[in-house]
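The values are calculated or read from the model by the stated rules, or taken from the named source; none is laboratory data. A quick note: this is a predicted structure, and the numbers were derived from the prediction, not measured. Here the Cβ positions follow ideal geometry from the backbone for every residue, glycine too, while neighbour counts run over all protein chains shown.
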Amino acid sequence: MLTSRFFRYLLAFFLSMFIGWAILSVSPVLAAGTMTEIHVSMGTVSGELKFVPNHLELITGKPYRLVLDNPSPIKHYFTAKDFADVSWTQKVEAGNVEIKGAIHELELKPGAKAQWVLVPMKPGTYELYCSIAGHAKAGMTGEIVILP
Ligand SMILES: [Cu+2]
């Protein structure tokens, strides 16, 4: 009698452990279909120094895939340190490489593509710019707004 109750508790314990683990492993970012893609071109084919678009809006707590590409003849940086600080980065995918962990800046060579999968966590307006000398001054800036 006592043993069968013990085993039921034990079973319930392992079941709840399993359910907890299952919930944790299906993070919102991994749930396909709920992720919003935002495409940003760094520079233009004709060499203009700008981000297209240069104004991004994201919503706090929602998963995003920032799809970056560089169609221009020179390399550029996607630099958004404060934005990165208040976002949770799941990964950055570039070519066949996946990078996990904190990211503050991405360098894209001509023709390169990268995808940054993240969840913005704190509302605010954050600056975006290209950190190559002269590019921000020439207009390669933008803003990323995280809405509540
Ligand atoms: Cu640049």
For residue 103, indicate whether it is over 15 Å from residue 88 (Cα atoms) and hydrophobic (A, V, I, L, M, F, W, C).
no
Inside region 108-138, the number of residues satisfying the requirement of being touching a Phe, Trp or Tyr at 6+ places or on another chain (Cβ under 9 Å) and either under 17 Å from residue 50 (Cβ atoms) or outside the structural domain of residue 82 (by TED's automatic domain parsing) (or both) is 9
Selection within region 119-148 - within 16 Å of residue 104 (Cα to Cα), outside any loop (DSSP other than H, G, I, E, B) and either in contact with a Ser or Thr (Cβ under 8 Å, 6 or more places away or on another chain) or near the ligand (Cβ under 9 Å from one of its atoms) (or both):
119, 120, 127, 128, 129, 143, 144
